[in-house]
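Notes to accompany the following structure.
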Amino acid sequence: MRSLAERAREALEWLLRIAVLAILVWFLVRTILVQRHGAVEDATSESVGSKLARWSTVAAPSRVHVRIDHPPAGRDRDWLAALSGASTDVDWNGPTLVPTAISVEPRIDPAGGADVSVASPENAVTVFADTLGVLDSARATRTGVRGYVPKFRGTVDAMVGPVVARAARHDSIELHKLLVIGQAGWESKFAVAALEERGWQVDAHIVVSPKGDVRQGKIADIDTAHYSAVIAIDSTAARYGDRIAAFVKQGGGLVLWSPAAQARGLAGIAPGAAGTIIPDEGDAVSDSAPRSGLELVPITPLNPDAIVIERRGNNVALAARRVGRGRVLETGYTNSWRWRMAGGVDALARHREWMAGLVALVATSGHRAVAAAPSDVAPLVTLIDELGSSKASTESATLDPAAVARWVFALVCAALLLEWASRRVRGVK
């Protein structure tokens with residue numbers, strides 16, 4: 001009678017023979033499938049980087065499907081596109097990816113910085129960051145998100161969910177002077193002061209009386225070679241109206257207060273007409289909403305091609321319009337000097353920044369190209385452009401036998417060696 005241990009060893013030997021046969025059959029079937037249909041492999045955002053080298057050298061699958069949680073790095077995306085051009089079908093699926101695009105423009109402002117615009121779905125939270133960390137966050141409206149980066153450090157990122165769009169600045173600006181035209185008064189005085197404090201060089205024509213003017217600087221020809229923008233504070237700008245209109249059509253910028261919108265030569269290029277004045281109450285200007293307490297001349301009616309920049313209640317307070325190659329911005333706040341004089345402790349700086357922001361929206365400047373860091377301004381769009389639209393995987397992965405041949409050989413050898421050792425222990429040849 002054979003002992004129980006001998007029977008167990010014999011059963012183990014049979015199991016090992018069956019295992020070897022099963023491995024060989026599996027390997028044969030996989031080889032036939034791959035020869036007939038080609039290998040099908042899949043990857044994730046985390047594993048695609050390590051698999052690309054194998055797909056390009058050891059194993060060349062006929063089809064690759066990548067499940068993407070976040071857009072792949074530029075190197076991996078370009079590598080996948082190259083793989084697609086080398087007879088391997090590449091598709092991907094990323095249901096959580098959010099369409100996001102970013103643009104950066106150097107602000108036309110002596111203080112520097114850049115204006116950042118992000119296109120993303122409405123109500124999506126956008127987080128701005130640079131090389132040092134998070135800068136700010138905002139929730140997107142129907143027109144996206146717009147922000148200002150005072151100190152631009154090479155690149156800026158806009159993170160919307162798992163998508164990170166990155167932009168770099170490609171040029172620097174060369175500023176010209178500003179020309180301020182207005183009647184002697186607080187508004188003209190502090191408009192000039194705010195712009196000069198910001199760093200602008202300002203030429204000014206201040207009308208004191210019908211027979212007396214004060215000029216600052218040598219007022220040159222009103223063209224884009226001399227001026228970045230013109231600031232027209234009231235109807236006294238009418239004497240330059242035709243020249244200002246020509247300046248704007250050539251690409252210059254114009255900021256005009258609502259009373260100047262009716263001046264000769266300016267009415268035809270203004271975003272809208274001047275409505276009925278809404279006087280201020282004379283109260284102290286609020287720190288939280290400083291422009292809510294200012295005198296307002298609503299911009300109404302608007303020209304059909306004008307866009308609203310800011311409303312106060314139901315009234316249009318800021319509006320803009322493109323005329324020819326230039327831009328015109330109209331403001332209905334006619335006594336912004338009260339903000340500067342009657343506001344809180346930071347009113348002077350905030351009024352200065354606001355004035356500079358109005359000018360930056362329309363001003364023109366010279367541009368000089370600079371070396372830019374690598375960027376990816378629209379990751380999802382670029383991914384679709386290079387790899388096609390997102391597709392759900394319709395077939396399971398078929399591993400290329402060549403990729404596991406060494407492991408199959410090792411398993412077979414181990415099983416046969418174990419079976420031989422068991423037979424020798426039992427004394428069977």
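The values are calculated or read from the model by the stated rules, or taken from the named source; none is laboratory data. Everything quoted here is computed from the prediction, not taken from an experiment. We place every Cβ from the backbone using ideal geometry, glycine too, and count neighbours over all the protein chains shown. Ligands, DNA and RNA are stripped out before the accessible areas are found, and what is left, the full protein with its side chains, is counted by its heavy atoms. Shrake-Rupley method; radii C 1.70, N 1.55, O 1.52, S 1.80 Å.
A few remarks follow.
- Three-way shape label, region 197-248, alpha-carbon gyration tensor, a/c 1.5: oblate
- Using distinct alpha-carbon pairs, which all enter the 1/r mean, Kirkwood radius of region 202-292 in Å: 14.8
- Mean separation of Cα contacts under 8 Å (6+ apart) over length of region 122-226, as relative contact order %: 18
- Charge tally around Pro290: other residues with Cβ under 11 Å, Lys/Arg +1 each, Asp/Glu -1 each, net +2.
- Probe 1.4 Å, all protein chains present, accessible-area order of Phe409, Phe152, Phe247, largest first: Phe409, Phe152, Phe247
- Neighbourhood charge, 12 Å Cβ-Cβ cut-off, centred on Asn93 and excluding it, Lys, Arg +1 and Asp, Glu -1: -1
- Semi-axes of the equivalent ellipsoid of region 116-163 are 19, 11, 8 Å, computed as sqrt(5λ) over the eigenvalues of the C-alpha gyration tensor in descending order.
- Simple spin-label estimate for Ser390 and Asp213 in nanometres, 7 Å along Cα-Cβ: 6.2
- Heavy-atom accessible area order for Tyr227, Tyr148, largest first, 1.4 Å probe: Tyr148, Tyr227
- Every Cα-Cα pair of region 302-362 was included, and the share exceeding 13 Å stands at 67 percent.
- The alpha carbon radius of gyration of region 76-184, expressed as a multiple of 2.2 N^0.38 Å, is 1.43.
- Set the Cα radius of gyration of region 214-366 against 2.2 N^0.38 Å, with N its number of residues, and you get 1.03.
- q = 0.11, 0.18 Å⁻¹: log10 I(q)/I(0) that the Debye formula gives for region 137-269, counting C-alpha atoms only: -0.54, -0.99
- Qualifying lysines (Cα of each under 22 Å from Cα of Lys211; at least 8 residues distant if same chain): Lys189
- The convex hull of the Cα atoms of the chain, projected and averaged over all directions, covers 32.4 nm².
- In region 57-140, the alpha-carbon atoms span a convex hull of 157 Å³ per residue.
- Toward the positive end of the charge dipole of region 76-193, with +1 on the Cβ of Lys and Arg and -1 on the Cβ of Asp and Glu, the farthest Cα among Thr96, Ala193, Met159 is that of Ala193.
- Longest segment of the chain lacking GluC sites (Glu not before Pro) that sit in a DSSP loop with at most 12 other Cβ atoms within 10 Å: 123-280
- Hydrodynamic radius of region 275-336 per Kirkwood, over alpha carbon pairs, in Å: 12.4
- With all protein chains in place and ligands, DNA and RNA left out, the 1.4 Å accessible area ranks Thr131, Thr155 as Thr131, Thr155, largest first.
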